[in-house]
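Asker: Got a structure here, written out as structure tokens. Questions coming.
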Amino acid sequence: MATETENGLVRMGKGKPLAITVVGAGILGLWQALTLARAGHSVRLVEKSASPFTESASRYAGAMLAPGCESEHAPEIRTLGAQGLALWRATYPHLVNAGSLVVAAPRDAAEAARFARDTHPPETLDARGLAALEPDLGGRFARAFYFPDEAHMTTPDALTFLLDAVRMAGATVELGAAWTSPSTSDVVVDCRGMAAASALPMLRGVRGERLLIQSAEIRLTRPVRLLHPHHPLYVVPWDDGRYLVGATVIESEDTGAITVRSALELLGAAYALHPAFGEAEILETGAGIRPAFPDNLPHAEVREGGRRIFVNGAYRHGFLLAPVLAEAVACWLTNQTPHALLVPPEPMAHQPHSV
């Protein structure tokens, strides 16, 4: 099906879609499969787990689309994340567009000042403004940073929606299926996370732990981040009084259950945000390994003349940047368009990147 340019790179010819195998049905693989199928390619999505998402780090994600808040980790996130947020809004009808709040205890004023320097919050609220947005936080913090153009979602619902959308777009989904190389497809898009570490020597694992709790004593309508120099916290509201509480960032590839220390730190930080969380029920604990590159940004690396593309390194930004990476790969396969998150094959490595 594929055609080739004069320098040997796989490229979609006019009216000739590619046969593409996407390996891994986490957030990166789902967006790759959906975008490429909607672009007219013949897509096969292969996932080794018979039950979707059970072995993916994506199931532990907070699923916040917060380019402003996350720009503290890398300034590029502001622009790239805004693109990802727009793509989510055009695709997922259940996105909660309520913005994000960031607060800090008085003793952590220095941390709040650092965060403000790094992220340039669009609005700073006083105690009255905070209480107007989140009444249950009224009187607890003197000020808050407000990022009104941010969003969040319920993680399992969003993943299920994307998997259904992949099927509706005409892709073949194979769960509980083993993938082996070489492939008969024109292109393999490898989204296996840490399972691809042997081919990506710069990839490292970063452990993240979180809790799912339920409380009828407090109501929040948008994600709230509590700044702390050692134990920062985010609380993401789901439905039925459920809240996702996370997340530790530990430079470790240990795949074991959440530790007592991490659980205590998360619960203590949640209690500091509001004492009502002390009465919450713990519904679920979880720990996952986030794949990350040295710059903590995900990348799509094109190899073998475009026949193999590694999409990996989601770190904290998988949900936010997955659609951006998918667009980058789709544009590369169509006309070899460069992108800030795409690493072209060696013959093209001298070409400049653009966002």
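Asker: Work out the charge dipole of the chain with +1 on the Cβ of Lys and Arg and -1 on the Cβ of Asp and Glu about the Cα centre, then indicate which of LEU283, GLY99, LEU320 is farthest towards its positive end.
Answerer: LEU320
Asker: OK, next. Can you tell which of SER51, SER252, SER42 shows the greatest fluctuation in a Gaussian network model of the chain with Cα springs below 10 Å?
Answerer: SER51
Asker: Subtracting the Cα-Cα distance from 0.36 nm times the residue separation, let me have the gained length for ASP254 to GLU279 in nm, one decimal.
Answerer: Between ASP254 and GLU279, full extension yields 6.0 nm more.
Asker: Follow-up question, since we're still on this one. Starting from the Cα of SER181, step 7 Å along the direction of its Cβ; do the same at ALA195; then give the gap between the two resulting points in nm.
Answerer: Rounded to a tenth, the inter-label distance reads 1.4 nm.
Asker: Here is a further query. Once you have the Cα-Cα distance between ARG128 and ASP240, take 0.36 nm times their residue separation minus that, and quote the gain in nm to one decimal.
Answerer: Values: separation 112, 0.36 × 112 = 40.32 nm, distance 2.70 nm.
Additional length available on full extension: 37.6 nm.
Asker: Let me have the relative contact order for the stretch 96-250, percent, based on Cα pairs under 8 Å that are six or more residues apart.
Answerer: Relative contact order, the stretch 96-250: 28 percent.
Asker: Another question, if that's okay. Placing +1 on the Cβ of each Lys and Arg and -1 on the Cβ of each Asp and Glu in the chain, which of ALA257, LEU273, SER198 has its Cα farthest towards the positive end of the resulting dipole?
Answerer: The residue sitting most towards the positive pole is SER198.
Asker: Still on this structure: Taking the Cα centre of the stretch 180-244 as origin, work out the dipole magnitude from +1 charges on Lys and Arg Cβ and -1 charges on Asp and Glu Cβ, in debye rounded to 20.
Answerer: 260
Asker: Among [x] 25.5, 80; [y] 19.9, 66; [z] 20.8, 67, which one is Rg and Dmax of the Cα atoms in Å computed from these coordinates?
Answerer: Calculated Rg and Dmax of the Cα atoms in Å: the matching label is [z].
Asker: Given the stretch 210-331, what whole percent of its Cα pairs are spread farther than 19 Å?
Answerer: Of all Cα-Cα distances in the stretch 210-331, 56 percent exceed 19 Å.
Asker: About its Cα centre, what dipole magnitude does the chain give when the only charges are +1 on Lys and Arg Cβ and -1 on Asp and Glu Cβ, stated in debye to the nearest 20?
Answerer: 440
Asker: Now for a different question. What is the magnitude of the charge dipole of the stretch 56-183 about its Cα centre, with +1 placed on the Cβ of each Lys and Arg, -1 on the Cβ of each Asp and Glu, and no other charges, expressed in debye to the nearest 20?
Answerer: 60
Asker: Continuing with the same structure: Consider just the alpha-carbon atoms of the stretch 19-85 and return their Rg together with their Dmax, both in angstrom.
Answerer: 14.4, 39
Asker: May I ask you to compute the full-extension gain from ASP136 to SER49, defined as 0.36 nm times their residue separation minus their alpha-carbon distance, rounded to one decimal in nm?
Answerer: Additional length available on full extension: 27.2 nm.
Asker: Follow-up question, since we're still on this one. For n ≥ 4 DSSP H runs only, could you compute -39500 (n - 2.57) per run for the chain, divide by its residues and tell me the 222 nm figure to the nearest 500? All intermediate terms of the calculation are to be shown ahead of the outcome.
Answerer: Details: 8 runs with 96 residues, N = 355.
Estimated from H runs of four or more residues: -8500 deg cm²/dmol.
Asker: A further question on this structure: Output needed for the stretch 98-242: three equivalent-ellipsoid semi-axes, defined as square roots of 5 times the C-alpha gyration tensor eigenvalues, in descending order, whole Å.
Answerer: After diagonalising the Cα gyration tensor, the semi-axes are 39, 20, 14 Å.
Asker: For a label point 7 Å from the Cα of ALA216 along Cα→C-beta, name the residues of the stretch 232-258 whose backbone N is under 14 Å from it.
Answerer: 240-242
A short reminder: the numbers here are calculations on the coordinates, not readings from a lab. Bear in mind that the values here come from a model prediction, so they are computed numbers and not experimental data. Cβ: placed from backbone, ideal geometry, glycine included. Neighbour counts: every protein chain shown.
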